[in-house]
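Q: Structure in structure tokens, see below.
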Amino acid sequence: MPLQLTPDDQSMLDGEQGDSLALAMRVLVAVAEAMGAERLLDITGAHIDGCLYQGPVGLDFVERIAADGGRVRVPTTLNVSSLDLLHPEVYRVDPSDVAASQRLMSAYESLGCRPTWTCAPYHAEVRPGFGEQVAWAESNAIVFANSVLGARTHRYGDFIDICAAMTGRAPAAGLHLEENRRGQIVFDLSGVSSQLRSSDVLFPVLGYVVGSAAGKSIPVIVGLEAATEDQLKALGATAAAAGAVGMFHAVGITPEAPDLASALGGVAPQRRVDVTPAMLAEARDELTTACLLYTSDAADDYFWV
């Protein structure tokens, strides 16, 4: 079924609400059609990754939409920039890049974005609640929003994120939809000691194991007895970097996984992975040069320095 636009969507696309909104809607429509979306949906917020200066294209795009007086329609936070505004002298690059970075930051602020300059917008006072539709970029923020908060966002990147913020719309596809949030691969930690499962050091290492094996699939983790937000942040960030994980379920911990059946949406998993201490040790060795301090005789308790 072809993409269906509302009258307001069509008005933006036709340029009746200004050139900047027309450009933003053209980008959004192209993305929605590529994703196979049948409609667009309303979002309540956005997080922008494109404010890190990586060349003139990003600056040209934002200054073009800003020049027409464009403004974001929903509360919008900004990711880290290239500059430390408090200590600009530590940015040791060509002065022209410094100037371009400053222009890029100013352009995003002129669109009405909040100058948060953080890759962890979920630490802000206001963050999306369970079931809220948002358009977030930045890999660790995306996986945290979907997994830990139970909000809904697909994996958005540069240009698409600000177009969604300006229109207040996003494709009704991907992780925005209930049917696409079911877990697909089960990672079982029952073979790992309780002491290690509760250790802070487990979570980034486990994220590396999970992300490497899951790729773009949605992992379901069984056997975590408890976890803090910081631990889940470490797990999700590493899984997003090691693979392309946009969401994970931790059974009994994350809001859409009260039990395994719920996490899987009543469907059998595509496969299961038994996570062993040896797998974790191998992942640890790939991530760090720290040495192994102690291994128990049962080979299931690992401690790092």
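Q: Within the range 180-226, count every residue that is within 12 Å of Leu260 (Cβ to Cβ) and touching a Phe, Trp or Tyr at 6+ places or on another chain (Cβ under 6 Å).
A: Residues flagged as within 12 Å of Leu260 (Cβ to Cβ) and touching a Phe, Trp or Tyr at 6+ places or on another chain (Cβ under 6 Å) within the range 180-226 amount to 1.
Q: Checking Leu78 against (1) free of Cβ contacts under 8 Å to residues at least 60 places away in the same chain; (2) out of contact with any strand residue (DSSP E or B) (no Cβ under 8 Å at 6 or more places or on another chain); (3) farther than 20 Å from Ala172 by Cα; (4) hydrophobic (A, V, I, L, M, F, W, C): exactly one of these is not met. Which one?
A: Status for Leu78: all satisfied but (2).
Q: How many residues are open to solvent by less than 20 Å² (accessible area, probe 1.4 Å) and in a loop (DSSP other than H, G, I, E, B) if we restrict to the range 204-225?
A: 2
Q: Let me ask another. Mind listing whichever residues of the range 226-259 are of a type in the set (A, V, I, L, M), under 11 Å from the mean Cα position of the chain (by Cα) and outside any helix (DSSP H, G or I)?
A: Ala244, Val245, Met247
Q: If you go through the range 142-177, how many residues are of a type in the set (Gly, Ala, Ser) and buried (at least 24 other Cβ atoms within 10 Å of the Cβ)?
A: Adding up the residues that qualify gives 6.
Q: Which condition number in (1) in contact with a Gly (Cβ under 6 Å, 6 or more places away or on another chain); (2) under 26 Å from Leu177 (Cβ atoms); (3) surrounded by 14 or more Cβ atoms within 10 Å (Cβ to Cβ) is the one that Phe130 fails?
A: (3)
Q: List, please: which pairs have Cβ atoms under 8 Å, are six or more places apart or on different chains, and start with a residue in the range 52-68 that is free of Cβ contacts under 8 Å to residues at least 60 places away in the same chain and end with one that is surrounded by fewer than 16 Cβ atoms within 10 Å (Cβ to Cβ) and not β-branched (Val, Ile, Thr)?
A: Filtered contacts from the range 52-68: Tyr53/Asp97; Leu59/Arg103; Glu63/Arg103; Asp68/Asp19.
Per-residue answers, yes or no, for (1) more than 30 Å from His123 (Cα to Cα); (2) at pLDDT 95 or above; (3) under 23 Å from the mean Cα position of the chain (by Cα); (4) surrounded by fewer than 19 Cβ atoms within 10 Å (Cβ to Cβ):
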site: Val29; (1), (2), (3), (4): yes, yes, yes, no
site: Ala32; (1), (2), (3), (4): no, yes, yes, no
site: Leu40; (1), (2), (3), (4): no, yes, yes, no
site: Thr44; (1), (2), (3), (4): no, yes, yes, yes
site: Gln54; (1), (2), (3), (4): no, no, yes, yes
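Q: Sticking with this structure for a sec: Can you work out which of the residues in the range 9-27 that are open to solvent by 70 Å² or more (accessible area, probe 1.4 Å) and of a type in the set (Asp, Glu) is nearest to Glu178 (Cα to Cα)?
A: Asp14
Q: Look at Arg127 and say whether it is within 15 Å of the chain's Cα centre (by Cα), under 27 Å from Gln4 (Cα atoms) and of a type in the set (Lys, Arg).
A: no
Q: Next up: Please name all residue pairs, on different chains or six or more residues apart, with Cβ atoms under 7 Å, provided the first residue is in the range 95-107 and is touching a residue at least 60 places away in the same chain (Cβ under 8 Å) and the second residue is of a type in the set (S, T, N, Q).
A: none
Q: Sticking with this one: When the range 187-203 is examined, which residues are found to be surrounded by fewer than 22 Cβ atoms within 10 Å (Cβ to Cβ) and part of a helix (DSSP H, G or I)?
A: Scanning the range 187-203 gives Ser194, Gln195, Leu196, Arg197.
Q: Among residues belonging to the range 109-127 that are on the phi < 0 side of the Ramachandran plot and touching a strand residue (DSSP E or B) at 6+ places or on another chain (Cβ under 7 Å), point out the one that is most open to solvent (accessible area, probe 1.4 Å).
A: Arg114
The values are calculated or read from the model by the stated rules, or taken from the named source; none is laboratory data. Worth saying up front: this structure is predicted, and the values here are computed from it rather than measured. Every residue, glycine as well, gets a Cβ built from its backbone with ideal geometry; the counts of neighbours run over all protein chains shown. In case anyone asks, the SASA skips ligands and DNA or RNA and just uses the protein heavy atoms, side chains included. Shrake-Rupley method; radii C 1.70, N 1.55, O 1.52, S 1.80 Å.
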